[in-house]
Amino acid sequence: MLHDGYFYGKYHDKIRCFLCPHNCIIDNNKFGLCSVRINKDGTLKTMNYGEITAIANDPIEKKPLYHFKPMKNIVSVGSFGCNFSCDFCQNYRIAHYKPQSRYISSDELIEICLNSEDNVGIAFTYNEPSIWYEYVYETSKKLKEKYPSFSIVLVTNGYIEREPLIKLLPYIDAMNIDLKSFKQNYYRKICRGDIKAVLRTIEEAYKKSHVEITTLLVNGLNDSMEEIEEIASYLGKLNKNIPLHLSRYFQAYKMDRPPTNIDVMLEGRKIAKKYLNYVYLGNIANVDNSTYCPKCNKLLVQRNGFLSKLYIDSNQCPRCGYNIKILL
Ligand code: SF4
């Protein structure tokens, strides 16, 4: 559905979009880099408002969020379009093409959320929620104002300008933000973005919302111990309770390198744990992804795939009383 876009201005006879740091300058009847925002006779319109390409009631662990409402489900929705162009994109069919979609209004989506079993809210995921901004903002605001006990989750690349981020954050309970690398060159060449904006988003978001970080470790590109250490050390300086998910790369879209070596991932986790209390491995079977108390090592959440069992009922370790960063 065509809908008025937020955050743009006139630029000579064109318009300039200020939603994400690309700041596209857009000719009449042309799209920005995300392929969803178009200049229609000097007005910015968005094409994906309320257009849903995928909807599911997922375990929240699948986002991945391990420290936010464990063992609950969340209605997860995605649209189409992306402002990055990662060579390894696992969702390229919705990120870079225009698949079939179905319009679901904010009110309908909220009804689905209220009527879904064991559900804690709505997660905007699958494609990039930043460039689905108007729908995400309006639905989140409406849900949180009417039903504040429900949560809003974003699974995002973090590539958004500060002003729209600040406007959205009051309605966001939890985010999983990709930190794809710690190198500007990687962001430029592999993702077509800029790391500075992503770091700014992490730094703004973790102060106001629950934040977990995912880094996809790509074989031979960003899986050196030095780079994993840089990422973990940066996050640890912000807050060593930020959970980090190191996820294993497999061939996808334009990238055909072999999958990341499991031993490298295990070693990477050891390094990251020097700086962070909670580090998990994604896309690998048969690894221990349970949560233990950072002080006394008591098992707190046992995980098997997306199934969890809780051994904690408050934010304190039942054995030693250490403050545990898990929102139940
Ligand atoms: S949101 Fe889209 S149109 Fe706007 S600046 Fe980013 S890529 Fe360009």
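The values are calculated or read from the model by the stated rules, or taken from the named source; none is laboratory data. Quick caveat, the model's predicted, so the values are computed rather than measured. Cβ: placed from backbone, ideal geometry, glycine included. Neighbour counts: every protein chain shown.
Pull up the range 288-308, narrow it to residues that are among the hydrophobic types (A, V, I, L, M, F, W, C) and part of a loop (DSSP other than H, G, I, E, B), then point me to the one that is farthest from residue 320 (Cα to Cα). By that ranking, first place goes to 306. Condition first: farther than 24 Å from residue 45 by Cβ, at pLDDT 95 or above, surrounded by fewer than 18 Cβ atoms within 10 Å (Cβ to Cβ) and more than 16 Å from the ligand (Cβ to nearest atom). Can you find one or more residues in the range 175-184 that meet it? Checked the range 175-184: at least one residue is farther than 24 Å from residue 45 by Cβ, at pLDDT 95 or above, surrounded by fewer than 18 Cβ atoms within 10 Å (Cβ to Cβ) and more than 16 Å from the ligand (Cβ to nearest atom).
Hey, does the range 45-57 have a residue that's at pLDDT 95 or above, among the charged types (D, E, K, R) and within 16 Å of the ligand (Cβ to nearest atom)? The answer is yes, given that some residue of the range 45-57 is at pLDDT 95 or above, among the charged types (D, E, K, R) and within 16 Å of the ligand (Cβ to nearest atom).
Being surrounded by 21 or more Cβ atoms within 10 Å (Cβ to Cβ) and under 17 Å from the mean Cα position of the chain (by Cα) holds for only one residue in 166, 160, and it is 160.
Consider residue 110 carefully, then state whether it is touching a residue at least 60 places away in the same chain (Cβ under 8 Å), away from the ligand (no atom under 16 Å from the Cβ), surrounded by 17 or more Cβ atoms within 10 Å (Cβ to Cβ) and in the same structural domain as residue 214 (by TED's automatic domain parsing).
When the stated conditions are applied, residue 110 does not pass them.
Looking across the range 82-118, the residues that are under 22 Å from residue 194 (Cβ atoms) and either β-branched (Val, Ile, Thr) or modelled with pLDDT of 95 or more (or both) come down to 82, 83, 84. Residues in the range 271-297 that are basic (Lys, Arg) and assigned by TED's automatic domain parsing to the domain that holds residue 252: 273, 274.
With respect to residue 223, determine if the residue is of a type outside the set (A, V, I, L, M) and loosely packed, with under 13 Cβ neighbours inside 10 Å.
no
Within the range 8-27, can one find any residue that is within 23 Å of residue 198 (Cβ to Cβ), within 16 Å of the ligand (Cβ to nearest atom), among the aromatic types (Phe, Trp, Tyr) and touching a Lys or Arg at 6+ places or on another chain (Cβ under 8 Å)? Yes, the conditions are met somewhere in the range 8-27.
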